[in-house]
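Below is one structure, written out as structure tokens; the observations come after it.
The values are calculated or read from the model by the stated rules, or taken from the named source; none is laboratory data. Please read these numbers as outputs of a predicted model, since none were measured by experiment. With ideal geometry, Cβ positions are generated from the backbone for all residues, glycine too; neighbour counts draw on all protein chains shown. All accessible areas refer to the heavy atoms of the entire protein, side chains included, with ligands and DNA or RNA removed. Shrake-Rupley method; radii C 1.70, N 1.55, O 1.52, S 1.80 Å.
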Amino acid sequence: MKLKSIIICACVAIMMTMCTVNTKDESQSDNDSQVQSEMNYSSGGFASIVIDRPADVVFKMLTDVNIWPQINLGVTMSITPENVVLEKGTKFNETIASPIPGIENWTTEWTVEEIETDKIYIMSGRENFSKAPIHSRITYQFTKLEDNKTLFKRTIEVTLDDKFTQNASP
């Protein structure tokens, strides 16, 4: 139970910081970032946290999509189908509770792009909470640190295509 509480706190901390992180890669200049944004309408951000548990434990907990409704309280309502086993190409649906008044709950079909035990997990999908879909790619990176600690980094990349931009305009 204590581990579950630590993981829940880590998830909450990461979700809260996603709203305030610097979305520019430190290696990019302002001009590079602006040109890239104008070309593909992409945006994104990341958050990271050190968790006082070994990487294998953190990886197992955060990539077990079947328990997301229990550890991602108030966000993930359900995962279907039941008993998802993650491997490259696996598809599953996540029903998300809308945090924004006026926007209904939505379901995203995620596809596992990459998974390497205790190191990386990448999923992508099309989120349907707006008039036009938003294509998202989420990466979880797990770095083993000394003293059985793990650096967990969650990155989200969102591609806002022309259709989204047109429907978002007044």
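For region 48-74, what are the residues that are part of a strand (DSSP E or B) and without any contact (Cβ under 8 Å) to a residue 40 or more places away in the chain? Answer for region 48-74, where residues must be part of a strand (DSSP E or B) and without any contact (Cβ under 8 Å) to a residue 40 or more places away in the chain: there is none. If you go through region 96-147 and pick out every residue that is surrounded by 13 or more Cβ atoms within 10 Å (Cβ to Cβ) and either farther than 22 Å from N66 by Cα or of a type in the set (F, W, Y) (or both), you end up with 14. The set of residues from region 39-69 being open to solvent by 50 Å² or more (accessible area, probe 1.4 Å), modelled with pLDDT under 95 and closer than 20 Å to T108 by Cβ comprises Y41, S43, F46.
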